[in-house]
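J.: Sharing a structure here in structure tokens format.
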Amino acid sequence: MKSAINMAKLSEKNMGNNVLEQIKLQVSKDTIKLIESDIQVAASLGMKNCERHIHGSVHETVIQEIRDNGYTVQIIGIDPAAGSAHIKLSW
């Protein structure tokens, strides 16, 4: 009986982790869309770069994805306690 309770707790914990990962993935996707929109607006105005603050613990994923999309990302500052970053994007 005790092992069944432990298994249920473990399953519940894993399910919570999966939900958290799904939320982080969606936040990352939404943040990348916002940043790409910023880039399009800035580029249409003739700018060659823009700055952006990324809130939350997804900044590492977002920065890597933006770099993978061909943009230069300079990290201006990181707040480890908040998990956020201030970046400068160039194209």
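The values are calculated or read from the model by the stated rules, or taken from the named source; none is laboratory data. On a predicted model such as this, the values are computed, not experimentally measured, just so you know. Glycine also receives a Cβ, built like all others from the backbone with ideal geometry; neighbour counts cover every protein chain displayed. The accessibility values were calculated without ligands, DNA or RNA, using every heavy atom of the protein model including side chains. Shrake-Rupley method; radii C 1.70, N 1.55, O 1.52, S 1.80 Å.
J.: Identify all residues within the range 56-67 that are over 8 Å from the mean Cα position of the chain (by Cα) and either outside any helix (DSSP H, G or I) or of a type in the set (A, V, I, L, M) (or both); write none if there are none.
T.: The one that is over 8 Å from the mean Cα position of the chain (by Cα) and either outside any helix (DSSP H, G or I) or of a type in the set (A, V, I, L, M) (or both): Ile66.
J.: Need pairs with beta-carbon distance below 9 Å; first residue loosely packed, with under 12 Cβ neighbours inside 10 Å and within the range 38-54, second of a type in the set (A, V, I, L, M) and outside any helix (DSSP H, G or I); sequence gap 6+ or separate chains.
T.: Val41/Met47
J.: Might you let me know whether the range 72-83 holds any residue that is loosely packed, with under 14 Cβ neighbours inside 10 Å, within 19 Å of Gln26 (Cβ to Cβ) and under 13 Å from the mean Cα position of the chain (by Cα)? If you could, list the steps in order and put the result at the bottom.
T.: Filtering the range 72-83 for residues loosely packed, with under 14 Cβ neighbours inside 10 Å gives 72, 74-77, 79-82.
Then keep just the ones that are within 19 Å of Gln26 (Cβ to Cβ); that gives none.
There is no residue in the range 72-83 that is loosely packed, with under 14 Cβ neighbours inside 10 Å, within 19 Å of Gln26 (Cβ to Cβ) and under 13 Å from the mean Cα position of the chain (by Cα).
J.: Given the criterion among the β-branched types (Val, Ile, Thr) and out of contact with any helix residue (DSSP H, G or I) (no Cβ under 7 Å at 6 or more places or on another chain), identify the matching residue among Val58, Val41, Val73.
T.: The conditions single out Val41.
J.: Name, by its number, the condition in (1) outside any helix (DSSP H, G or I); (2) open to solvent by less than 60 Å² (accessible area, probe 1.4 Å); (3) not small (Gly, Ala, Ser) that does not hold for Ile35.
T.: Result: Ile35 passes all but (1).
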